[in-house]
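Chemist: Got a structure for you, written out below as structure tokens; questions coming shortly.
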């Protein structure tokens, strides 16, 4: 699978349609925890870890997780489809090899 074959607009639209079909998703209730990079000031490392762990737990029970991860493959920040930016980079490297 290569990521350049999927236009991001189509993937994003598919995700939004899936969210609507499911009547919404839990991450919409607490969007800030899905961007733990914002917690980067000194003394916030434990908050960043807790936000990341909580976001990933929410993702693991989400019915649109796979579609969200597809969108996340084009994103540099945030938790998308249960994956951190570093994890998504690893997925891309494995897929391209």
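The values are calculated or read from the model by the stated rules, or taken from the named source; none is laboratory data. Nothing here was measured: the structure is a model prediction, and the numbers come from that model. When we count neighbours, we look across all protein chains shown, and the Cβ atoms used for this are built from the backbone with ideal geometry, even at glycine.
Chemist: Could you grab me the full set of residues in the range 73-96 that are surrounded by 14 or more Cβ atoms within 10 Å (Cβ to Cβ) and part of a helix (DSSP H, G or I)?
Modeler: 85, 87, 88, 91
Chemist: Tell me which residues, restricted to the range 8-37, are outside any helix (DSSP H, G or I) and over 15 Å from the mean Cα position of the chain (by Cα). Before the answer, list the steps.
Modeler: From the range 8-37, those outside any helix (DSSP H, G or I) are 22-25, 30, 35; that's our starting set.
Those that are outside any helix (DSSP H, G or I) and over 15 Å from the mean Cα position of the chain (by Cα): 22, 23, 24.
Chemist: Select from the range 38-72 the residues that are at pLDDT 95 or above and in a loop (DSSP other than H, G, I, E, B) and list them in ascending order.
Modeler: Listed by number, the residues that qualify are 61, 62, 63, 64.
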